[in-house]
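Sharing a structure here in structure tokens format.
Nothing in this text is a laboratory measurement; each read-out follows from the coordinates by a stated rule. Because the structure is predicted, anything quoted here is derived from the model rather than measured. Because the Cβ atoms are built from the backbone with ideal geometry, glycine has one as well, and the counts that use them run over all protein chains shown.
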Amino acid sequence: MSQRIVIDPVTRIEGHAKISVFVDDAGNVSGAEFHVVEFRGFEKFCEGRPYTEMPGITPRICGICPVSHLLASAKAGDAIMAVNIPVAADKLRRLMNLGQLVQSHALSFFHLSAPDFLLGWDSPAAQRNVFGLIANHADLARAGIRLRQFGQEIIEVLGARKIHPAWAVPGGVRSPLSKEGAEKIRAWLPEAFATTRTALDLFKRVLSTHQHEVQLYGNFPSLFMGLVAADGGWEHHGGNLRFMDSSGSIIADQIAPKDYLSVIGESVQDNSYLKSPYYLPLGSTDGVYRVGPLARLNICTHMGVSQADAELKNFKSFGHGAVTSSFLYHYARLIEILASLEWIERYLDDADLFSQDLRADAGINSLRGVGASEAPRGTLFHDYTVDRNGLLQKVNLIVATGQNNLAMNRTVAQIAQHFARGPEITEAMLNRIEHGIRCYDPCLSCSTHAAGRMALLVRMIAPDGRVLHEVRRD
Amino acid sequence: MPPPAATPAALLVIGYGNTLRQDDQAGPAVAEEIEAASLPGVVTLVSPQLSPEHAEAVAQSRGVVFVDAQAGPDQEPRLRRVRPGESSQVTTHAAEPRTLLALARDVYGRTPPGWLLTVPAVQFGFGTELSPVTRRGIARAVEKISRLARMKLAGARRP
């Protein structure tokens with residue numbers, strides 16, 4: 001008898017995002033589907049508005065990664081104007097994106113994921129929290145908050161607001177880095193480096209005792225996609241697309257983001273509005289790809305800064321070709337924080353960042369513009385089509401969480417296959433599936449804020465619709 | 001040394017919600033009106049959602065009001081005490097008031113009295129237009145916070 005397990009996180013506005021685990025007649029897990037909110041409504045809402053408003057509107061999609069939408073939107077505007085933005089504007093946008101990577105990755109690592117693997121998968125829920133973290137790892141939680149604040153400070157210094165800064169615009173940015181702002185960032189850097197190094201040391205110790213998790217948490221062959229520089233180096237705001245397979249072979253390279261539709265297709269799942277992107281030439285089954293920190297570190301040859309490059313070398317030693325375990329997203333995230341800090345330090349000494357030549361001006365020279373940027377969770381595309389007056393006729397947003405959707409399905413299935421014990425939903429399985437999803441740091445709260453803590457409803461359902469077992473975690 | 005991230009307040013008002021999801025903007029709208037009123041000792045924060053770094057400002061305040069939109073049968077804003085949760089674990093990108101109070105307690109060693117002020121909300125589509133019930137609720141919510149702020153300043157312990 002086939003059965004289905006449903007994990008159903010309830011949010012107030014978006015409705016349901018849920019996980020369904022399918023069980024075959026023999027009682028074995030045969031697959032899983034993870035459904036998340038989709039953005040088609042937002043895309044529709046923007047039609048008819050001037051494209052110049054989009055950098056002000058689209059950051060409202062998300063309270064955690066608004067800068068990613070801001071920058072991708074501004075880049076799409078650059079393309080509509082068909083301008084090359086000033087060098088200073090490009091560097092300033094990059095600086096803000098680095099701050100964004102730091103703050104978002106810090107939230108993911110220190111608050112969402114670390115309590116699980118530092119305190120144990122089977123420890124009581126009441127202890128698997130920040131209090132437990134403090135009790136066992138003094139100052140780490142506080143340092144994690146400080147590191148996130150550091151990233152937000154950079155965003156605020158540049159954009160005058162921590163969240164939703166109306167700073168990047170089509171053609172460039174509104175204001176340079178101030179000397180005072182630069183000194184503020186510089187003064188905070190040593191603490192940020194120290195926290196990151198502590199976290200890296202800690203995670204490496206975790207890795208030595210968590211080989212089981214490395215093997216089971218989303219460890220499967222897939223493709224990896226992201227932006228790379230012309231020389232194959234780590235990229236987060238420019239460059240072109242690269243696809244790599246799990247053997248480490250580059251299968252597509254230097255694809256201009258505007259041509260993303262030549263390499264990315266979108267499949268549709270039953271019971272979900274969310275489209276699941278895949279590598280078009282291989283189809284939706286074989287073309288599953290992952291984006292985000294794990295992918296970015298897989299596809300790049302170097303990061304261009306010494307400390308992170310040393311860590312990158314160690315990271316790559318976990319793979320034969322590409323690193324395929326999603327548990328190592330955590331490690332990749334910490335390495336990206338380190339790289340971001342090194343790049344931020346370098347930028348502070350760059351005179352371009354204080355330039356007043358910040359904005360190119362032009363009319364509408366192209367009726368379509370695509371902007372791509374590396375958001376913390378992966379490559380973000382904003383694709384706008386406008387009329388001669390610059391009013392939006394069509395908007396297409398491809399976000400990281402959607403691109404990781406098929407990989408998250410496989411991750412949940414892999415974990416469930418190992419921990420499912422008949423029709424009963426165990427605490428052990430729930431804890432691990434939750435963490436498997438956290439490896440990707442999906443943005444479930446995008447478009448709105450969640451109504452408090454996400455409730456988890458896990459159901460095992462028979463083909464006739466009977467609920468065989470149900471567990472709710474509030 | 002990096003600067004401290006928060007300003008101590010007699011009463012901290014955190015309005016949260018998505019300003020482009022119609023009535024969901026009620027929390028930010030209330031906080032912005034309170035900010036415009038320049039009430040003595042009152043500091044406001046506006047955010048699309050609650051997140052861990054807010055715990056520092058919460059810990060430094062002498063009282064905190066979380067203002068959020070809420071769908072449901074209520075026609076009037078409701079002010080109620082909210083106490084720290086047992087767990088300070090943040091499980092998604094968005095925290096909730098009791099988690100933030102717990103986080104302030106666990107990470108900074110201090111948590112102030114907290115209140116949750118919910119503003120009735122009925123429509124959450126894309127857009128900036130408020131429903132009449134939420135528009136009315138925002139005005140009433142501002143009155144409630146103003147009263148609470150006066151009581152806090154006067155040394156009252158409960159609203």
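Order A:21-30, A:282-291 from most to least packed using the mean count of other Cβ atoms within 10 Å.
The packing order, highest mean first, is A:282-291, A:21-30.
Compute the Kirkwood hydrodynamic radius of the range A:208-288, taking the inverse of the mean of 1/r over all pairs of distinct Cα atoms, and give it in Å to one decimal.
Roughly 14.4 Å, rounded to one decimal.
As a quick test, which of the pairs A:LYS91/A:LYS313; A:LYS184/A:LYS313; A:LYS258/A:LYS313; A:LYS44/A:LYS75 have an alpha carbon distance above 28 angstrom in this structure? Intermediate values should be presented prior to the final figure.
Working: A:LYS91/A:LYS313 26 Å; A:LYS184/A:LYS313 32 Å; A:LYS258/A:LYS313 31 Å; A:LYS44/A:LYS75 20 Å.
Pairs exceeding the cut-off: A:LYS184/A:LYS313; A:LYS258/A:LYS313.
Using a Förster distance of 41 Å, how high is the FRET efficiency between A:ALA82 and A:ALA166, based on the Cβ-Cβ distance and rounded to 0.05? Spell out each step's value before the answer.
Working: r = 23 Å, r/R0 = 0.56.
Efficiency for this residue pair is about 0.95.
Go ahead and collect, in residue order, the members of the range A:311-341 whose backbone nitrogen is under 19 Å from a label point 7 Å along the Cα-Cβ direction of A:SER249.
A:319-324
Hey, can you grab everything whose amide H is under 5 Å from the amide H of A:SER373? Only 5+ residues off in sequence or another chain; H modelled, so Pro and N-termini drop out.
Those qualifying (amide H under 5 Å, at least 5 residues apart or on another chain) are A:LEU380.
With n ≥ 4 as the cut-off for DSSP H runs, can you work out [θ] at 222 nm for chain B, using -39500 (n - 2.57) per run divided by the number of residues, rounded to the nearest 500?
-10500 deg cm²/dmol
At R0 = 60 Å, how high is the FRET efficiency between A:ALA351 and A:ALA26 if r is their beta carbon distance? Nearest 0.05 is fine.
Efficiency at R0 = 60 Å is approximately 0.35.
To check you understand DSSP bridge types, tell me what percent of the beta bridges within the range B:11-153 (both residues inside) are antiparallel, rounded to 5.
25 percent
If I take R0 = 30 Å and measure r between the Cβ atoms of A:ARG368 and A:VAL268 in this structure, what FRET efficiency does the formula 1/(1 + (r/R0)^6) give, to the nearest 0.05?
Values: r = 24 Å, r/R0 = 0.80.
Efficiency for this residue pair is about 0.80.
Setting aside same-chain residues fewer than 8 positions from B:LYS152, which lysines have a Cα under 22 Å from its Cα?
Of all the lysines, those that pass the test against B:LYS152 - Cα under 22 Å, at least 8 places apart if same chain - are B:LYS144.
Residues with amide H under 5 Å of A:GLY171's amide H, sequence separation 5 or more or different chain, H placed in the peptide plane at 1.01 Å from N; which?
A:ASP78
Within 10 Å of each Cβ of B:13-25, how many other protein chain Cβ atoms are there on average?
Partner-chain Cβ atoms within 10 Å, mean over residues of B:13-25: 3.
Another one. Counting other beta carbons within 10 Å of each residue's own, what order do A:SER355, A:SER317, A:SER104 fall into, fewest first? Can you show the working numbers first?
On the way: A:SER355 16, A:SER317 9, A:SER104 27.
Ascending number of Cβ neighbours within 10 Å: A:SER317, A:SER355, A:SER104.
Helix B:132-153 sits at what angle to the longest principal axis of chain B, using alpha carbons and giving 0 to 90 degrees rounded to 10?
Taking the Cα atoms of chain B, the angle to B:132-153 is about 30 degrees.
Just counting partner chain Cβ atoms within 10 Å, what average do the residues of peptide A:109-119 show around their Cβ?
2
To the nearest µm²/s, what D does Stokes-Einstein give for the range B:30-137 at 20 °C and 1.002 mPa s, using the Kirkwood radius over alpha carbon pairs as Rh?
Approximately 144 µm²/s, per Stokes-Einstein.
Arranged by the count of other C-beta atoms within 10 angstrom, fewest first, what order do A:ASP259, A:ASP78 take?
So the residues, fewest neighbours to most, are A:ASP259, A:ASP78.
Show me, for the range B:110-115, the HN-Hα J-couplings you get by feeding each phi into the Karplus relation (A = 6.51, B = -1.76, C = 1.60, θ = phi - 60°), rounded to Hz, glycine and proline as x.
With coefficients 6.51, -1.76 and 1.60, one gets 7, 9, x, x, x, 10 Hz.
Okay, moving on. Taking GluC sites (Glu not before Pro) as candidate sites, keep only those in a DSSP loop with at most 14 other Cβ atoms within 10 Å, then name the longest stretch of chain B containing none of them.
That would be B:1-85.
Evaluate the distance, in nm, between pseudo-label points positioned 7 Å from the Cα of B:GLU143 and of A:SER306 along their respective Cα→Cβ axes.
It is 6.6 nm.
Fewest first, what order do A:THR301, A:THR209, B:THR111 take by the number of other Cβ atoms within 10 Å? Walk me through the numbers before you get to the answer.
Working: A:THR301 14, A:THR209 9, B:THR111 21.
The fewest-first ordering by Cβ neighbours comes to A:THR209, A:THR301, B:THR111.
Rounding to the nearest 10 and keeping the result within 0 to 90°, find how far the Cα-based axis of helix B:26-37 lies from the longest principal axis of chain B.
70 degrees
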